[in-house]
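To start, the structure under review is shown below, and the notes come after it.
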Amino acid sequence: MLKITLIVLAVLAVGIVSILAYAATRPDDFRVQRSAVIKAPPEKIFPFINDFKQWGAWSPYEKLDPGMKRIYGATTAGKGATYAWEGNGNVGSGSMEILNAPAPSQVAIKLDFMKPFEAHNVADFTLMPRGDGTIVTWAMHGPVPYKFKIVHLFMNVDKMVGGQFAEGLANLKAAAEK
């Protein structure tokens, strides 16, 4: 019986060490991106993204906690605009600041999560005119600390976050095409 227990423990130890070693080989950064074609000019779409008070019309994260506390900075649109939130376990807490917003082609946002886990990323929105519409791309990128490399082995972040981005872009499309 002792021999079987030692064999089982040894196999578990080798499995754990293998997972930890494999996680160490994973990339040090990540990028999640989705795009959609919206039948509206960039000038009509841009204000929805550039003004944090407009996010309620399209962001999927705004609907995850109806009781979420929102804290807007003195400026809510354009470079330097800030927004923070505190909510339930679905949204956690964090803040955003618009780093750059050359109208009507791009909005770059510093995105800092505090809960349920700390993370510091950048979200980019690009708007490219195409025919009678605009290709809008929502991307997020940032570092992947070692503990999150382990999490990424068991959770498909691209699928999870990408699905939320796709939903947000569909909502943005509906709002901008009205």
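Residue by residue, here is whether (1) within 19 Å of A166 (Cα to Cα); (2) part of a strand (DSSP E or B) holds:
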position: I4; (1), (2): no, no
position: A13; (1), (2): no, no
position: I16; (1), (2): no, no
position: R34; (1), (2): yes, yes
position: V37; (1), (2): yes, yes
position: F46; (1), (2): yes, no
position: R70; (1), (2): no, yes
Check on D132, within 23 Å of A174 (Cβ to Cβ), acidic (D, E) and touching a residue at least 24 places away in the same chain (Cβ under 8 Å):
yes
So which residues in the range 14-45 are aromatic (F, W, Y) and surrounded by 20 or more Cβ atoms within 10 Å (Cβ to Cβ)?
none
Given (1) in contact (Cβ under 8 Å) with a residue 60 or more places away in the chain; (2) touching a Gly at 6+ places or on another chain (Cβ under 9 Å); (3) crowded, with 18+ Cβ neighbours inside 10 Å, number of the condition F48 does not satisfy
(2)
For residues that are within 28 Å of K173 (Cα to Cα) and without any contact (Cβ under 8 Å) to a residue 60 or more places away in the chain, scanning just the range 115-127, find the one that is surrounded by the fewest Cβ atoms within 10 Å (Cβ to Cβ).
H120
D124 - would you say it is in a helix (DSSP H, G or I), in contact with a strand residue (DSSP E or B) (Cβ under 8 Å, 6 or more places away or on another chain) and closer than 29 Å to R26 by Cβ?
no
Subset of the range 3-38 (residues that are hydroxyl-bearing (S, T, Y) and either in contact with a His (Cβ under 6 Å, 6 or more places away or on another chain) or at pLDDT 90 or above (or both)):
S35
Identify all residues within the range 64-85 that are surrounded by fewer than 16 Cβ atoms within 10 Å (Cβ to Cβ) and over 15 Å from the mean Cα position of the chain (by Cα); write none if there are none.
P66, G67, K69, R70, I71, Y72, G73, A74, T75, G78, K79, G80
Sort through M155, M96, M160 and tell me the only one that's free of Cβ contacts under 8 Å to residues at least 60 places away in the same chain and crowded, with 17+ Cβ neighbours inside 10 Å.
M96
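The values are calculated or read from the model by the stated rules, or taken from the named source; none is laboratory data. Not measured: the values here are computed from a predicted model. Reconstructed Cβ throughout: ideal geometry from the backbone, glycine too, with neighbour counts over all protein chains shown.
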